[in-house]
Amino acid sequence: TQLLEQSPQFLSIQEGENLTVYCNSSSVFSSLQWYRQEPGEGPVLLVTVVTGGEVKKLKRLTFQFGDARKDSSLHITAAQPGDTGLYLCAGARAGGTSYGKLTFGQGTILTVHP
Amino acid sequence: NAGVTQTPKFRILKIGQSMTLQCTQDMNHNYMYWYRQDPGMGLKLIYYSVGAGITDKGEVPNGYNVSRSTTEDFPLRLELAAPSQTSVYFCASSPKRGGRTDTQYFGPGTRLTVL
């Protein structure tokens, strides 16, 4: 079983602060996705990283895939109350029999206070 | 284009009762998935389907059954509900490729409580 460990599980910060969420595994993934989920809704994809060492930016969010494709991080600069939500990382296995199945981390609940 | 829809949104069951959670997608996606989300546990895959008539077990299939008679619909059946099945259930779909970079599109979820 491939496991993804996310940390921290909870994060409560003030508006304007920076933060980093980590997603670690002992397994290699062919790609790593980050989702954001708001209360009462399903997860929504933020980004997919596929190459070891890849860095992607989405406005104030920076995503990085580890060189060995076993870990990833999400960094938010100058957090805003609108960033509040549950952040989930999810890894995909390679191969024709993977059928797009994802292994999810347990999530990080982020609260940004005004 | 509604995306992925799920019904009902909320349901309370008594122990031993049965029910079907409905999931429909209008994006012509071949791949569909059922997850459960427990507090602090992320999402666990229950069952998945790669096309009409083809289904397979995920990580936590016990106590559930699925069918896929059409591309659009992927219902999840709970037989003999147990308190351990109290959870939020999400249905998702993804495009035909099913490759490593495919986006999964999630429905709004069904919150189920078994008492």
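The values are calculated or read from the model by the stated rules, or taken from the named source; none is laboratory data. Here the structure is a predicted model, which means the values were calculated and not measured. Note that each Cβ is placed from the backbone with ideal geometry, even for glycine, and that neighbours are counted across all protein chains shown.
I'd like to know if segment B:72-81 contains one or more residues that are in a loop (DSSP other than H, G, I, E, B) and without any contact (Cβ under 8 Å) to a residue 24 or more places away in the chain. No, there is no match, as no residue in segment B:72-81 is in a loop (DSSP other than H, G, I, E, B) and without any contact (Cβ under 8 Å) to a residue 24 or more places away in the chain.
Every condition in (1) modelled with pLDDT of 95 or more; (2) within 14 Å of chain A (Cβ to nearest Cβ) is met by residue B:15 except one, and the failing one is (2).
For the subset of segment B:27-45 comprising residues that are hydrophobic (A, V, I, L, M, F, W, C) and within 14 Å of residue B:107 (Cβ to Cβ), which member is nearest to the other protein chains (Cβ to nearest Cβ)? Among them, the one singled out is B:43. Residue A:61 fulfils the conditions (1) under 21 Å from residue B:40 (Cα atoms); (2) of a type in the set (A, V, I, L, M); (3) touching a strand residue (DSSP E or B) at 6+ places or on another chain (Cβ under 6 Å) except for a single criterion, (1).
Name the residues in segment A:1-32 that are among the small types (Gly, Ala, Ser) and in a loop (DSSP other than H, G, I, E, B), would you? Before the answer, list the steps.
Pass one, segment A:1-32, residues among the small types (Gly, Ala, Ser): A:7, A:12, A:16, A:25-27, A:30-31.
Within segment A:1-32, A:16, A:25, A:26, A:27, A:30 qualify.
In segment A:58-87, what residues are of a type in the set (Ser, Thr, Tyr) and in a strand (DSSP E or B)?
Let us first name the residues in segment A:58-87 that are of a type in the set (Ser, Thr, Tyr), namely A:62, A:72-73, A:77, A:84, A:87.
Correct list: A:62, A:72, A:73, A:87.
Here's the yes/no breakdown for (1) at pLDDT 95 or above; (2) surrounded by 22 or more Cβ atoms within 10 Å (Cβ to Cβ); (3) within 20 Å of residue A:103 (Cα to Cα); (4) touching a Leu at 6+ places or on another chain (Cβ under 7 Å):
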residue: B:50; (1), (2), (3), (4): no, no, yes, no
residue: B:58; (1), (2), (3), (4): no, no, yes, yes
residue: B:74; (1), (2), (3), (4): yes, yes, no, no
residue: B:89; (1), (2), (3), (4): yes, yes, yes, yes
residue: B:94; (1), (2), (3), (4): no, yes, yes, no
residue: B:100; (1), (2), (3), (4): no, no, yes, no
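Looking across segment A:56-114, just one residue is closer than 16 Å to residue B:58 by Cα, more than 9 Å from every other protein chain (Cβ to nearest Cβ) and within 10 Å of the chain's Cα centre (by Cα), and that is A:91.
Residues that are under 16 Å from residue B:75 (Cβ atoms), hydrophobic (A, V, I, L, M, F, W, C), in contact with a Cys (Cβ under 7 Å, 6 or more places away or on another chain) and crowded, with 17+ Cβ neighbours inside 10 Å do occur in segment B:11-28, at least one of them.
Residue pairs whose Cβ atoms lie under 6 Å apart, separated by 6 or more positions or on different chains, with the first residue in segment B:29-41 and under 27 Å from residue A:8 (Cα atoms) and the second in a loop (DSSP other than H, G, I, E, B) and of a type outside the set (D, E, K, R), are B:40/A:106; B:41/A:106.
In the set (1) within 10 Å of chain B (Cβ to nearest Cβ); (2) surrounded by 19 or more Cβ atoms within 10 Å (Cβ to Cβ); (3) in contact (Cβ under 8 Å) with a residue 24 or more places away in the chain, the condition left unmet by residue A:9 is number (2). If you go through segment A:10-30 and keep only what is over 12 Å from the mean Cα position of the chain (by Cα) and closer than 17 Å to residue A:90 by Cβ, you end up with A:25, A:26, A:27, A:28, A:29, A:30. Within segment A:34-59, residues that are within 18 Å of residue B:110 (Cβ to Cβ) sit with their Cβ atoms under 7 Å from residues that are of a type in the set (Phe, Trp, Tyr) and not in a loop (DSSP other than H, G, I, E, B), at 6+ positions apart or across chains, in these pairs: A:42/B:90; A:42/B:106; A:43/A:35; A:43/B:106; A:44/A:35.
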